[in-house]
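K.L.:
Shown below is the structure under consideration.
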Amino acid sequence: MAPWLWLSLLILLLDQATKWLVLSRVQPFTVIELIPNINLTLMFNTGAAFSFLADAGGWQRWLLVVVALAVTVALTIWLLRLRSGEGLLACGLALLIGGAIGNLIDRILLGHVVDFIQVYLPFLPLAIFNPWPSFNVADSAISVGVIILLIATLIAREQP
């Protein structure tokens, strides 16, 4: 299943290219409407998902680096041990690996993760959900990878 690592590399390259493009052309916290309910807004996240631990004082950077490295190694080993016929699972793992490495690079080099996609969810009445926390290509790959892993797990359970 090693060829699936090409998908991880593609996600990594796309993530880093879009982040550096936005960093070079957009001022932080400037809102640029792309289409209704989707903005380009450069933000920096020193924490984990949904800015968890963002105000922890700096130690979280290295904790999150260690966790990301450990998870990436574990997922890569899992991917390389898959058998043929487990392509859906391999796809999900490859997306997770590419996304994790993309955000890991930000944390190591910059001390924070670069986020720039901002979505408003007009169908949610609660203001706490709007705008949705900013995210990036790596975050999107991680989210899609988790969904694929869940689907692959459900399919595997249904098979005899």
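Bear in mind that the values in this text are calculations on the coordinates, not laboratory data. Computed from a prediction, not measured in an experiment: that's the story for all the values here. Here Cβ is always computed from backbone atoms with ideal geometry, including for glycine, and neighbour counts include all displayed protein chains.
K.L.:
Net charge around Val137, counting only other residues with Cβ within less than 13 Å of its Cβ (Lys, Arg = +1; Asp, Glu = -1)? Show your work: numbers first, answer last.
P.N.:
Working: positive: Lys19; negative: Asp15, Asp106, Asp115, Asp139.
Taking every other residue near Val137 into account, the sum is -3.
K.L.:
Arranged from highest to lowest average of other beta-carbon atoms within 10 Å per residue, in what order do the peptides 14-26, 89-101, 138-150, 73-85 appear? Could you put the intermediate results ahead of the total?
P.N.:
Values: 14-26: 15.1, 89-101: 24.9, 138-150: 18.8, 73-85: 13.0.
Final packing ranking: 89-101, 138-150, 14-26, 73-85.
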